[in-house]
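See below for the structure under consideration.
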Amino acid sequence: MNDDRADSQTATSPAPPITPLLRAAYVVHIQDFKKGVKTVATCPELSPRLIEQVCDAGKGWRDEKYRLNRLWNTLKNRDLPGLAVVYDPSEKKSIPPVQPLDVPFEPLSLDETSPTILQLAEYALNAPIEQDRRSRRSSLVRRFFIRIGLPAFWLIYWGSRAIQFILENGLRSRRGQLGLLAFGITIVVPMAVYWLRQNEWILIPGGLVIRKTSLRQFKTSTRRFTAADAVLILAWRQPGWEAQILQEEKIVEKRRLTPLECIALLGAWQSPLPAPDVKKLVDLQ
């Protein structure tokens, strides 16, 4: 009888409370008015005093080396999980608020054409993102120009001028051959820049892994970055966003990203889940 009562009490006893997984994440948005007088920084989770210090340290008009030095020394050793600094060029081009990715996911390449990246971005935004087949095709072209850091009209303009020069002078003439050379350079140089910048950025919970392939030694190296040892900076660089990894007062890695990729990166960077050890990521070696 006593055993039955004990079992009944055990069955009806309340379950232990679940510790919430989410934690505060700190994304500082900075708007710099180059012609104006002031720089504005916002982050509801930070104290007004620290916001004022970050605002002063992160002014965009400062010399980059001096600005990064001030920014790193202001933010380091403050135990700010998920810390990221976003330079918004304007309200129209600003990155929207992004919530931390508190769901586990496997390491995956930061590429907006991936359905999984799209799903993570939707989770981080807490809103659906419409992307049909046509927009995915156009994103491939747009992403190419963003990666190389050139507006699309640059290639279209100079490519058309070179073709016009060839048609007017003929391939057999010296001027026509110069036009052909110019057309080749217009195509080959951006492709070479795109290929040389193809260090793979891989999202992981709580951070980022960058995989590099050495062209000289034909070796692949991987390096992990998290908010515990680095600061993520997102800055607008025409024609798109540039992600920068700030560590020890220096930009150690950077890459051009699309807005959707920035959203997924911010969500992963703020994730409360423990970042996997790079030695355990066997597939990335």
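The values are calculated or read from the model by the stated rules, or taken from the named source; none is laboratory data. The structure presented is a predicted model; accordingly, all values stated were derived computationally and were not measured. Neighbour counts are summed over all protein chains in view; Cβ atoms, including those assigned to glycine, are modelled from backbone coordinates with ideal geometry. Just so you know, the surface numbers come from the protein's heavy atoms only, side chains and all, with ligands and any DNA or RNA stripped out. Shrake-Rupley method; radii C 1.70, N 1.55, O 1.52, S 1.80 Å.
For segment 71-80, just list the computed ³J(HN,Hα) in residue order, Karplus coefficients 6.51, -1.76 and 1.60, θ = phi - 60°, integers in Hz, with x standing in for Gly and Pro.
5, 5, 5, 6, 9, 5, 6, 10, 6, 10
Suppose the chain between residue 129 and residue 99 were pulled fully straight at 0.36 nm per residue; how much longer would it get relative to their current alpha carbon spacing?
On the way: separation 30, 0.36 × 30 = 10.80 nm, distance 1.52 nm.
Length gained between residue 129 and residue 99: 9.3 nm.
Just subtract the alpha-carbon distance of residue 76 and residue 40 from 0.36 nm times their residue separation and send over the number in nm, one decimal. Walk me through the numbers on the way to the answer.
Working: separation 36, 0.36 × 36 = 12.96 nm, distance 2.06 nm.
Extra length from residue 76 to residue 40 when fully extended: 10.9 nm.
Could you tally the net charge around residue 225, taking each other residue with its Cβ under 14 Å from the Cβ of residue 225, Lys/Arg +1 and Asp/Glu -1? Let's see the in-between values first.
Working: positive: 211, 212, 223, 224, 250, 254, 255; negative: 200, 229, 248, 253, 277.
Net charge around residue 225: +2.
Assuming 0.36 nm per residue, please report the length gained on full extension of the stretch residue 108 to residue 47 beyond their Cα-Cα distance. Provide the component values of the computation, followed by the final result.
On the way: separation 61, 0.36 × 61 = 21.96 nm, distance 3.48 nm.
This chain segment gains 18.5 nm when fully extended.
Output the peptides 44-54, 117-127 sorted from most to least packed, where packing is the average of other Cβ atoms within 10 Å over each peptide's residues. Before the final figure, lay out each step's value.
Working: 44-54: 14.1, 117-127: 17.9.
By packing density, highest mean first, the sequence is 117-127, 44-54.
Say the cut-off is 31 Å between C-alpha atoms; which of 38/212; 59/219; 93/254; 59/280 go over it?
38/212; 59/219; 59/280
Quick one: ranking 242, 248, 200 by accessible area, 1.4 Å probe, largest first, what do you get?
Of 242, 248, 200, the descending order of accessible area is 248, 200, 242.
In sequence order, what are the phi-derived ³J(HN,Hα) couplings for segment 56-65 according to the Karplus relation 6.51 cos²θ - 1.76 cosθ + 1.60 with θ = phi - 60°, rounded to whole Hz, with x for glycine and proline?
Karplus-based 3J(HN,Hα) across segment 56-65 equals 5, 6, x, 4, x, 7, 5, 4, 4, 4 Hz.
Amide H of residue 87 versus every other amide H placed in the peptide plane: which residues, excluding those fewer than 5 positions away on the same chain, fall under 5 Å?
Amide H to amide H, under 5 Å and 5 or more residues apart or across chains, residue 87 pairs with 30, 234, 235, 236.
Check which residues have an amide H placed less than 5 Å from residue 199's amide H, if you skip close sequence neighbours.
Excluding prolines and chain starts, which carry no amide H, there are no hits.
Measuring from centroid to centroid over Cα atoms, what is the spacing of segment 223-255 and segment 38-95 in Å?
A separation of 13 Å, based on Cα centres.
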